[in-house]
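Right, one structure below, let's go through it.
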Amino acid sequence: MRIEVRLYATLRQHALSAAEGVLAVDVPEGSKAADVIAKVGVNADEVHILMVNGVSSPLNQVLAEGDRLGLFPAVGGG
Amino acid sequence: MAREDSLALLARGEIPERYKRNIGTIGIDGQKRLLKARVAIVGAGGLGGTIIELLARQGVGFMRIIDGDSFTLVNLNRQLLATERTMGMNKAAVATARVAEVNSDVETHAVPAMFNEDNAVELLSGMDVIVDALDSIKYRLLLCRMAQKLKIPLAHAAIAGFTGQVGTILPTGPGLEKIYKSTSGSDKGIETVLGNPAATPALAAAIQAQEVVKLLTGIGETISHKLLYFDTELNIYELLNLV
(Lines give C-alpha, C1' and ligand atoms only; values in the text may rest on other atoms or scores of the structure.)
Protein backbone atom coordinates (compact mmCIF):
# COMPACT_ATOMS: atom_id res chain seq x y z
CA MET A 1 0.00 0.00 0.00
CA ARG A 2 1.08 3.57 -0.62
CA ILE A 3 1.45 6.14 2.16
CA GLU A 4 2.00 9.84 1.64
CA VAL A 5 4.68 11.07 4.03
CA ARG A 6 5.19 14.75 4.80
CA LEU A 7 8.41 15.64 6.54
CA TYR A 8 8.67 18.98 8.29
CA ALA A 9 11.60 21.30 9.05
CA THR A 10 14.88 19.44 9.67
CA LEU A 11 13.26 16.07 8.88
CA ARG A 12 13.08 17.19 5.23
CA GLN A 13 16.77 16.29 4.91
CA HIS A 14 15.56 12.69 4.63
CA ALA A 15 13.68 13.59 1.45
CA LEU A 16 16.43 15.09 -0.68
CA SER A 17 14.68 14.15 -3.89
CA ALA A 18 11.53 16.01 -2.83
CA ALA A 19 12.43 19.55 -1.85
CA GLU A 20 9.14 20.17 -0.12
CA GLY A 21 9.41 17.05 2.00
CA VAL A 22 6.53 15.09 0.48
CA LEU A 23 7.20 11.45 -0.34
CA ALA A 24 5.16 8.49 -1.55
CA VAL A 25 6.26 5.36 0.29
CA ASP A 26 5.20 1.79 -0.51
CA VAL A 27 4.92 -0.54 2.49
CA PRO A 28 3.18 -3.93 3.10
CA GLU A 29 -0.43 -4.02 4.25
CA GLY A 30 -0.74 -3.71 8.01
CA SER A 31 2.38 -1.57 8.37
CA LYS A 32 2.57 0.82 11.29
CA ALA A 33 3.67 4.45 11.34
CA ALA A 34 6.97 3.33 12.90
CA ASP A 35 7.62 1.03 9.90
CA VAL A 36 7.16 3.91 7.46
CA ILE A 37 9.39 6.16 9.55
CA ALA A 38 12.14 3.53 9.48
CA LYS A 39 11.77 3.07 5.73
CA VAL A 40 12.11 6.80 5.10
CA GLY A 41 15.30 6.78 7.19
CA VAL A 42 14.07 9.08 9.94
CA ASN A 43 15.19 8.38 13.50
CA ALA A 44 11.94 7.85 15.43
CA ASP A 45 13.47 9.64 18.42
CA GLU A 46 13.46 12.84 16.37
CA VAL A 47 9.71 12.65 15.71
CA HIS A 48 7.81 14.52 18.40
CA ILE A 49 4.49 15.08 16.65
CA LEU A 50 3.07 12.34 14.45
CA MET A 51 -0.10 13.06 12.51
CA VAL A 52 -2.14 10.51 10.56
CA ASN A 53 -4.69 12.14 8.28
CA GLY A 54 -4.53 15.28 10.41
CA VAL A 55 -4.96 13.56 13.78
CA SER A 56 -2.24 13.18 16.43
CA SER A 57 -1.34 9.48 16.53
CA PRO A 58 1.12 7.04 18.18
CA LEU A 59 4.11 5.33 16.55
CA ASN A 60 2.30 1.99 16.59
CA GLN A 61 -0.68 3.35 14.64
CA VAL A 62 -1.62 0.84 11.90
CA LEU A 63 -1.90 2.58 8.54
CA ALA A 64 -4.16 2.05 5.56
CA GLU A 65 -3.74 2.65 1.84
CA GLY A 66 -3.59 6.34 1.02
CA ASP A 67 -3.05 7.53 4.60
CA ARG A 68 -1.20 10.81 5.04
CA LEU A 69 1.57 10.67 7.63
CA GLY A 70 3.00 13.96 8.92
CA LEU A 71 6.23 13.93 10.95
CA PHE A 72 7.38 16.92 13.01
CA PRO A 73 10.57 17.39 15.03
CA ALA A 74 10.67 19.24 18.36
CA VAL A 75 10.60 23.03 18.06
CA GLY A 76 11.71 24.46 21.38
CA GLY A 77 13.28 27.91 20.97
CA GLY A 78 11.95 30.94 22.73
CA MET B 1 -2.88 58.13 33.95
CA ALA B 2 -3.31 55.20 36.28
CA ARG B 3 -5.27 52.06 35.59
CA GLU B 4 -8.07 53.13 37.97
CA ASP B 5 -8.58 56.31 35.93
CA SER B 6 -8.80 54.34 32.69
CA LEU B 7 -11.24 51.89 34.29
CA ALA B 8 -13.35 54.77 35.65
CA LEU B 9 -13.58 56.30 32.17
CA LEU B 10 -14.49 52.96 30.62
CA ALA B 11 -17.14 52.41 33.31
CA ARG B 12 -18.79 55.64 32.11
CA GLY B 13 -18.65 54.40 28.52
CA GLU B 14 -15.81 56.76 27.67
CA ILE B 15 -12.70 55.50 25.91
CA PRO B 16 -9.24 56.56 27.10
CA GLU B 17 -7.40 58.05 24.11
CA ARG B 18 -4.66 55.44 24.26
CA TYR B 19 -7.12 52.55 23.80
CA LYS B 20 -9.23 54.09 21.00
CA ARG B 21 -7.76 51.81 18.33
CA ASN B 22 -8.43 48.73 20.49
CA ILE B 23 -12.15 49.26 20.97
CA GLY B 24 -13.42 48.35 17.50
CA THR B 25 -11.86 44.92 18.00
CA ILE B 26 -12.42 44.12 21.69
CA GLY B 27 -15.06 46.65 22.77
CA ILE B 28 -15.23 48.62 26.02
CA ASP B 29 -16.05 45.47 27.95
CA GLY B 30 -13.02 43.70 26.48
CA GLN B 31 -10.75 46.59 27.41
CA LYS B 32 -12.07 46.54 30.96
CA ARG B 33 -11.41 42.81 31.19
CA LEU B 34 -7.84 43.27 29.96
CA LEU B 35 -7.12 46.07 32.43
CA LYS B 36 -8.37 43.91 35.29
CA ALA B 37 -6.45 40.82 34.14
CA ARG B 38 -3.36 39.21 35.64
CA VAL B 39 -0.93 37.45 33.32
CA ALA B 40 2.31 35.63 34.09
CA ILE B 41 4.92 35.68 31.33
CA VAL B 42 7.51 32.98 31.84
CA GLY B 43 10.56 33.99 29.83
CA ALA B 44 11.46 37.48 28.61
CA GLY B 45 13.61 36.57 25.62
CA GLY B 46 12.67 36.37 21.94
CA LEU B 47 9.04 35.41 22.43
CA GLY B 48 8.57 37.10 25.81
CA GLY B 49 9.97 40.48 24.80
CA THR B 50 7.47 40.84 21.97
CA ILE B 51 4.55 39.44 23.98
CA ILE B 52 5.25 41.86 26.84
CA GLU B 53 5.43 44.82 24.43
CA LEU B 54 2.15 43.85 22.74
CA LEU B 55 0.23 43.11 25.94
CA ALA B 56 1.43 46.38 27.50
CA ARG B 57 0.16 48.35 24.51
CA GLN B 58 -3.08 46.35 24.41
CA GLY B 59 -3.62 47.27 28.07
CA VAL B 60 -3.29 44.09 30.14
CA GLY B 61 -3.42 45.44 33.70
CA PHE B 62 -0.92 43.23 35.51
CA MET B 63 2.05 41.28 34.22
CA ARG B 64 4.35 39.10 36.29
CA ILE B 65 7.53 38.73 34.25
CA ILE B 66 9.73 35.79 35.20
CA ASP B 67 13.29 35.44 33.89
CA GLY B 68 16.53 34.88 35.79
CA ASP B 69 18.68 35.42 32.71
CA SER B 70 20.57 38.53 31.60
CA PHE B 71 20.95 39.91 28.08
CA THR B 72 24.02 38.91 26.08
CA LEU B 73 25.25 39.73 22.58
CA VAL B 74 23.67 36.64 20.99
CA ASN B 75 20.22 37.96 22.00
CA LEU B 76 20.58 41.14 19.91
CA ASN B 77 19.47 39.58 16.60
CA ARG B 78 15.90 38.94 17.76
CA GLN B 79 15.06 39.89 21.34
CA LEU B 80 13.22 43.21 21.36
CA LEU B 81 14.36 44.09 24.88
CA ALA B 82 18.01 43.33 24.12
CA THR B 83 19.79 46.54 23.10
CA GLU B 84 23.40 47.60 23.33
CA ARG B 85 22.40 49.52 26.47
CA THR B 86 20.74 46.53 28.21
CA MET B 87 23.63 44.07 27.79
CA GLY B 88 24.29 42.30 31.08
CA MET B 89 21.01 43.45 32.62
CA ASN B 90 18.36 41.06 33.96
CA LYS B 91 15.67 40.39 31.35
CA ALA B 92 12.70 40.66 33.72
CA ALA B 93 13.96 43.97 35.11
CA VAL B 94 14.52 45.41 31.62
CA ALA B 95 11.04 44.26 30.61
CA THR B 96 9.32 46.00 33.51
CA ALA B 97 11.22 49.23 32.75
CA ARG B 98 10.05 49.00 29.14
CA VAL B 99 6.42 48.46 30.18
CA ALA B 100 6.62 51.53 32.43
CA GLU B 101 7.73 53.59 29.42
CA VAL B 102 4.95 52.24 27.21
CA ASN B 103 1.90 52.14 29.47
CA SER B 104 1.67 53.40 33.06
CA ASP B 105 -1.72 51.68 33.38
CA VAL B 106 0.14 48.38 33.54
CA GLU B 107 1.45 47.11 36.84
CA THR B 108 4.41 44.76 36.62
CA HIS B 109 6.18 42.41 38.95
CA ALA B 110 9.69 41.47 37.85
CA VAL B 111 10.89 38.09 39.06
CA PRO B 112 14.64 37.85 38.34
CA ALA B 113 14.72 34.10 38.90
CA MET B 114 14.31 31.03 36.76
CA PHE B 115 10.94 29.30 36.87
CA ASN B 116 11.24 25.94 38.60
CA GLU B 117 9.35 23.35 40.60
CA ASP B 118 9.98 25.17 43.89
CA ASN B 119 8.60 28.60 42.86
CA ALA B 120 5.95 27.46 40.37
CA VAL B 121 2.88 27.55 42.62
CA GLU B 122 3.80 30.86 44.24
CA LEU B 123 4.49 32.56 40.89
CA LEU B 124 1.52 31.19 38.97
CA SER B 125 -1.31 31.14 41.53
CA GLY B 126 -3.98 33.76 40.99
CA MET B 127 -3.07 34.42 37.36
CA ASP B 128 -5.79 34.51 34.70
CA VAL B 129 -3.47 33.36 31.92
CA ILE B 130 0.10 32.01 31.81
CA VAL B 131 2.38 32.57 28.83
CA ASP B 132 4.98 29.96 27.92
CA ALA B 133 7.90 31.92 26.46
CA LEU B 134 10.58 29.51 27.69
CA ASP B 135 13.37 27.90 25.69
CA SER B 136 13.66 24.62 27.59
CA ILE B 137 11.44 21.65 26.78
CA LYS B 138 11.86 20.27 30.29
CA TYR B 139 10.60 23.47 31.89
CA ARG B 140 7.86 23.94 29.28
CA LEU B 141 6.50 20.52 30.29
CA LEU B 142 6.72 21.49 33.98
CA LEU B 143 4.97 24.81 33.28
CA CYS B 144 2.17 23.02 31.43
CA ARG B 145 1.67 20.49 34.23
CA MET B 146 1.52 23.30 36.80
CA ALA B 147 -0.86 25.42 34.70
CA GLN B 148 -3.22 22.47 34.27
CA LYS B 149 -2.99 21.63 37.97
CA LEU B 150 -3.82 25.24 38.89
CA LYS B 151 -6.56 25.27 36.21
CA ILE B 152 -5.11 28.29 34.43
CA PRO B 153 -5.00 28.45 30.61
CA LEU B 154 -1.53 28.46 29.06
CA ALA B 155 -0.57 30.21 25.82
CA HIS B 156 2.30 28.25 24.27
CA ALA B 157 4.69 29.10 21.46
CA ALA B 158 8.08 27.86 20.31
CA ILE B 159 10.33 28.65 17.37
CA ALA B 160 13.33 27.40 15.40
CA GLY B 161 14.66 28.69 12.10
CA PHE B 162 11.77 29.56 9.75
CA THR B 163 9.50 27.34 11.85
CA GLY B 164 7.21 28.04 14.78
CA GLN B 165 4.21 26.71 16.65
CA VAL B 166 1.50 28.33 18.75
CA GLY B 167 -1.34 26.85 20.77
CA THR B 168 -3.46 27.33 23.87
CA ILE B 169 -3.45 24.62 26.52
CA LEU B 170 -6.67 24.51 28.53
CA PRO B 171 -6.85 22.94 32.01
CA THR B 172 -8.84 19.96 30.75
CA GLY B 173 -7.42 19.66 27.23
CA PRO B 174 -4.36 17.89 25.85
CA GLY B 175 -1.12 19.28 27.24
CA LEU B 176 2.37 19.81 25.88
CA GLU B 177 3.10 16.10 26.30
CA LYS B 178 1.23 15.78 22.97
CA ILE B 179 3.82 18.05 21.37
CA TYR B 180 7.05 17.06 23.13
CA LYS B 181 8.20 13.55 23.95
CA SER B 182 9.70 13.87 27.40
CA THR B 183 11.61 10.63 26.81
CA SER B 184 13.86 12.02 24.09
CA GLY B 185 16.51 13.03 26.60
CA SER B 186 17.21 16.39 25.00
CA ASP B 187 15.96 19.61 26.54
CA LYS B 188 16.17 21.48 23.23
CA GLY B 189 14.64 21.09 19.79
CA ILE B 190 15.81 21.81 16.26
CA GLU B 191 16.69 25.41 17.18
CA THR B 192 20.11 24.03 18.13
CA VAL B 193 20.59 23.36 14.40
CA LEU B 194 18.49 26.08 12.76
CA GLY B 195 19.08 28.93 15.21
CA ASN B 196 16.58 31.67 16.06
CA PRO B 197 16.43 34.40 13.41
CA ALA B 198 14.84 37.82 13.87
CA ALA B 199 11.33 37.49 12.46
CA THR B 200 10.28 34.00 13.62
CA PRO B 201 9.89 34.76 17.35
CA ALA B 202 8.05 37.99 16.54
CA LEU B 203 5.60 36.13 14.31
CA ALA B 204 4.93 33.39 16.87
CA ALA B 205 4.74 35.89 19.75
CA ALA B 206 2.20 38.06 17.94
CA ILE B 207 -0.17 35.11 17.52
CA GLN B 208 0.52 34.01 21.10
CA ALA B 209 -0.31 37.51 22.40
CA GLN B 210 -3.54 37.38 20.40
CA GLU B 211 -4.37 34.09 22.13
CA VAL B 212 -3.95 35.86 25.48
CA VAL B 213 -6.31 38.65 24.37
CA LYS B 214 -8.91 36.11 23.23
CA LEU B 215 -8.62 34.13 26.47
CA LEU B 216 -9.03 37.25 28.60
CA THR B 217 -11.85 38.86 26.64
CA GLY B 218 -13.70 35.69 25.66
CA ILE B 219 -13.76 36.92 22.08
CA GLY B 220 -13.29 34.49 19.20
CA GLU B 221 -11.84 30.99 19.25
CA THR B 222 -8.50 30.09 20.77
CA ILE B 223 -6.13 27.57 19.21
CA SER B 224 -7.05 25.00 21.85
CA HIS B 225 -6.86 21.22 21.37
CA LYS B 226 -4.85 22.22 18.32
CA LEU B 227 -1.44 23.51 17.39
CA LEU B 228 -0.77 26.11 14.72
CA TYR B 229 2.42 25.06 12.96
CA PHE B 230 4.09 27.38 10.47
CA ASP B 231 7.12 27.11 8.24
CA THR B 232 7.64 30.38 6.41
CA GLU B 233 10.38 28.85 4.26
CA LEU B 234 7.71 26.91 2.34
CA ASN B 235 4.65 29.02 3.28
CA ILE B 236 3.15 26.21 5.33
CA TYR B 237 0.50 27.21 7.92
CA GLU B 238 -1.27 24.18 9.35
CA LEU B 239 -3.61 23.61 12.27
CA LEU B 240 -2.73 20.24 13.80
CA ASN B 241 -5.45 18.43 15.70
CA LEU B 242 -4.04 17.24 19.03
CA VAL B 243 -7.03 15.17 20.18
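The values are calculated or read from the model by the stated rules, or taken from the named source; none is laboratory data. Please read all numbers here as calculations on a predicted model, not as lab measurements. All Cβ positions, even for glycine, are placed from backbone atoms using ideal geometry, and neighbour counts span all protein chains on display. Surface accessibility is based on the protein's heavy atoms, side chains included, excluding ligands, DNA and RNA. Shrake-Rupley method; radii C 1.70, N 1.55, O 1.52, S 1.80 Å.
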proj_area_mean for segment B:106-197 (convex hull on C-alpha atoms), units nm², value 6.9 nm²
Average beta-carbon neighbours from other chains, 10 Å sphere, peptide B:99-109 | 0
Under the rule of -39500 (n - 2.57) per DSSP H run of 4 or more residues, summed and divided by the residues of chain B, what mean residue ellipticity at 222 nm is obtained, to the nearest 500 deg cm²/dmol?
-> -11500 deg cm²/dmol
Roughly how many debye, to the nearest 20, is the charge dipole of segment B:132-183 about its Cα centre, given +1 on each Lys and Arg Cβ, -1 on each Asp and Glu Cβ, and no other charges?
-> 200 debye
Interchain or sequence-distant (5+) residues whose placed amide H lies within less than 5 Å of the amide H of B:THR108 are B:MET63
The alpha-carbon center of chain A and that of segment B:217-239 are separated, in whole Å, by 21 Å
Cα-based reach from B:LYS20 at 16 Å (exclusive), listing lysines while leaving out same-chain residues under 8 positions away = B:LYS32
Helix-only mean residue ellipticity at 222 nm for chain A, each DSSP H run of n ≥ 4 adding -39500 (n - 2.57), per residue, nearest 500 = -2500 deg cm²/dmol
Picking from A:GLY78, A:VAL42, A:SER57, whose Cα lies most toward the positive end of the charge dipole for chain A (charges on Cβ: Lys, Arg +1; Asp, Glu -1)?
-> A:GLY78
Of the lysine pairs in segment B:101-243, how many meet both conditions: Cα atoms under 14 Å apart, and a spacing of 8 or more in sequence or different chains?
-> 4
Output for segment B:49-165 (equivalent-ellipsoid semi-axes, sqrt of 5λ from the C-alpha gyration tensor, Å, descending) is 22, 18, 14
Rounded to the nearest 100 Å², the accessible area hidden between B and A, summed over both chains at a 1.4 Å probe radius, is 2200 Å²
Compactness of segment B:1-118, expressed as Rg and Dmax over alpha-carbon positions, Å = 15.2, 48
Compute the long axis of helix B:91-102 from its Cα atoms, compare it with the longest principal axis of the Cα atoms of chain B, and write down the angle in degrees, 0 to 90, nearest 10.
-> 30 degrees
Going highest first, how would you order B:6-14, B:51-59, B:218-226 by mean Cβ packing within 10 Å?
-> B:51-59, B:218-226, B:6-14
Whole-number percent relative contact order across segment B:30-106, with pairs defined as alpha carbons under 8 Å at least 6 apart = 35 percent
With the convex hull built on the alpha-carbon atoms of chain B, volume per residue in Å³ sits at 125 Å³
Rounded to whole Å, sorted largest first: equivalent-ellipsoid semi-axes of the protein assembly as shown, Cα gyration tensor = 38, 21, 17
Using only Cα atoms, find the angle between the long axis of helix B:20-35 and the longest principal axis of chain B, and express it within 0 to 90 degrees, rounded to the nearest 10.
-> 90 degrees
Taking the DSSP beta bridges in the protein assembly as shown as the whole, what percent of them are antiparallel, to the nearest 5?
-> 55 percent
Share of segment B:1-43's accessible area from carbon and sulfur, percent, 1.4 Å?
-> 47 percent
Kirkwood hydrodynamic radius of chain A from all distinct Cα pairs, in Å?
-> 12.3 Å
Provide the descending list of Cα extents for segment B:179-243 along its principal axes, expressed in whole angstroms.
-> 37, 29, 21
